[in-house]
Amino acid sequence: MAILVTGGAGYIGSHTVLALLERGDDVVVIDNLSNSSRESLSRVEALTGKTLTLYVEDVLNRDALKTIFEQHKITDIIHFAGLKSVGESVQKPIEYYENNVNGSLILLDEMLSAGVKNFIFSSSATVYGNSEIIPLHEGCKVGGTTNPYGTSKLMIEQILSDVALANPELRITCLRYFNPVGAHPSGKIGEDPNGVPCNLLPYITQVAIGKLTCLSIYGGDYPTKDGTGVRDYIHVMDLASGHLAALDHKDKGASFKKFNLGTGVGYSVLDLIAAFENASGISVNYKIVERRPGDIAECWSDSSLAAQELGWKATRKLDEMMRDSWNWQQKNPNGYLE
Ligand code: NAD
Ligand code: WQD
């Protein structure tokens, strides 16, 4: 019996694989390494003292999936594999829909043929678009996504809902992540963005370590407490434990479920900089510039449904997120390259 983790070599996948191995699960990973390296999983094995099986393959490759389902008794699938850059998705919509939507369709089709019943999907708070209701709860309207990446997540959620309706024996869970940050406390695994980071915290840590010179804060005139954008930052280890909770909950409830995974607390860009400076002792050079197109003023979660139904709650606070991100950055100034 094993859990198939697609995209398991990536940022959130590697932390979740670590948590699965630590609790004794057998793990099979399929990852094409398009945005990751084997090194993350080698480090996961070293940290846990356990081994996993890695297939360096694409989820679009049906034959590879068939082989995996033949070779291993897969009971559950956690589907992280996908392209995730909002800006790139606007430039390359076909690539994003092909990889994210078609990849999910092929995986689901092969999963049904193999008789696997449990599926957990990496969704995103982005499916809520620019909601007027804050905090966001699972009953809020979805839609109004402003880029192909976000729309691909929305489309996959719809597909999953339809597949669950047609196959009531399935247990499909969409986990809508808010803003994942942080790293394993060892500093051995963490987020390793390609090129100049698009997300806030990796940008801050790269300014702090001297790889980048100045953080541009996108907008200082939002209707928020200090004019900068507010988000719900969640430690990646809390996200990992959310997946374990969803796995444990699989036999309960409806065939299609969706949960927010956030802390329920919103912090502004300036809050994040202050918390980072406090944790690292380094002052971050920044300037306030124009708003970034497509950004929203604020976004944070009501994650009480996950607390009630999954018995899961994020426990790590902002200072721990900053400490662990900085620890990872300091120990791996060039990510997994060294
Ligand atoms: P990541 O890029 O670090 O991990 C994704 C992994 O999937 C990578 O290892 C990549 O090589 C692999 N992959 C991509 N396409 C593949 C394919 N066709 N076949 C096989 N492997 C493939 O990203 P992450 O931050 O760990 O995100 C994981 C999932 O969570 C993604 O689906 C992402 O959209 C979703 N998500 C991420 C965030 C975030 O801010 N990081 C927020 C919400 C949702
Ligand atoms: C956070 C805040 C920016 C960078 C994105 C995706 C979303 C999800 C998570 C996958 C905002 C500000 C940022 C910078 C800045 N991913 N910022 N300077 O935009 O909330 O969410 O990642 O599903 O879909 O859209 O995250 O980290 O880019 O931005 O001022 O250099 O930091 O304006 O207020 P975002 P982020």
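The values are calculated or read from the model by the stated rules, or taken from the named source; none is laboratory data. It should be emphasised that the depicted structure is a prediction, and the values quoted were computed from it without experimental measurement. No Cβ is skipped: glycine too gets one built from the backbone with ideal geometry, and neighbour counts run over all protein chains shown. Just the protein is used for accessible areas: all its heavy atoms, side chains included, with ligands, DNA and RNA removed. Shrake-Rupley method; radii C 1.70, N 1.55, O 1.52, S 1.80 Å.
Summary of computed values
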quantity: Residue selected from the stretch 167-186 under the condition assigned to a loop (DSSP other than H, G, I, E, B) and more than 16 Å from ligand 1 (Cβ to nearest atom), by the criterion surrounded by the most Cβ atoms within 10 Å (Cβ to Cβ); calculated: L170
quantity: The stretch 116-139 residues that are at positive phi, paired with ones that are part of a loop (DSSP other than H, G, I, E, B) and more than 16 Å from ligand 1 (Cβ to nearest atom) (beta carbon under 6 Å, 6 or more apart); calculated: G129/G143; G129/G144
quantity: Test: residue in the stretch 299-310 that is surrounded by 17 or more Cβ atoms within 10 Å (Cβ to Cβ), at pLDDT below 95 and not in a helix (DSSP H, G or I); calculated: no
quantity: Qualifying positions in the stretch 285-295 - over 19 Å from the mean Cα position of the chain (by Cα), open to solvent by less than 60 Å² (accessible area, probe 1.4 Å) and closer than 18 Å to S89 by Cβ; calculated: G294
quantity: Scope the stretch 250-270; condition farther than 18 Å from A125 by Cβ and part of a strand (DSSP E or B); matching residues; calculated: F256
quantity: All positions within the stretch 118-140 that are buried (at least 21 other Cβ atoms within 10 Å of the Cβ) and either under 30 Å from D295 (Cα atoms) or within 16 Å of ligand 2 (Cβ to nearest atom) (or both); calculated: I120, F121, S122, S123, S124, A125, T126, V127, Y128, L136
quantity: Subset of the stretch 108-127 that is more than 9 Å from ligand 1 (Cβ to nearest atom) and in contact with a Ser or Thr (Cβ under 9 Å, 6 or more places away or on another chain) - its residue that is nearest to N194 (Cα to Cα); calculated: V127
quantity: Of residues in the stretch 1-36 being out of contact with any helix residue (DSSP H, G or I) (no Cβ under 9 Å at 6 or more places or on another chain) and within 14 Å of T51 (Cα to Cα), the one farthest from ligand 1 (Cβ to nearest atom); calculated: G24
quantity: Qualifying residue in the stretch 271-284 (condition: aromatic (F, W, Y), within 19 Å of V127 (Cα to Cα) and either within 21 Å of the chain's Cα centre (by Cα) or open to solvent by less than 30 Å² (accessible area, probe 1.4 Å) (or both)); calculated: no
quantity: Spans of helices (runs of 4 or more DSSP H) in the stretch 1-117 with at least 3 residues within 16 Å of ligand 2 (Cβ to nearest atom) and open to solvent by 10 Å² or more (accessible area, probe 1.4 Å); calculated: 86-91
quantity: Some residue of the stretch 210-230 being more than 13 Å from ligand 2 (Cβ to nearest atom) and more than 18 Å from A297 (Cβ to Cβ); calculated: yes
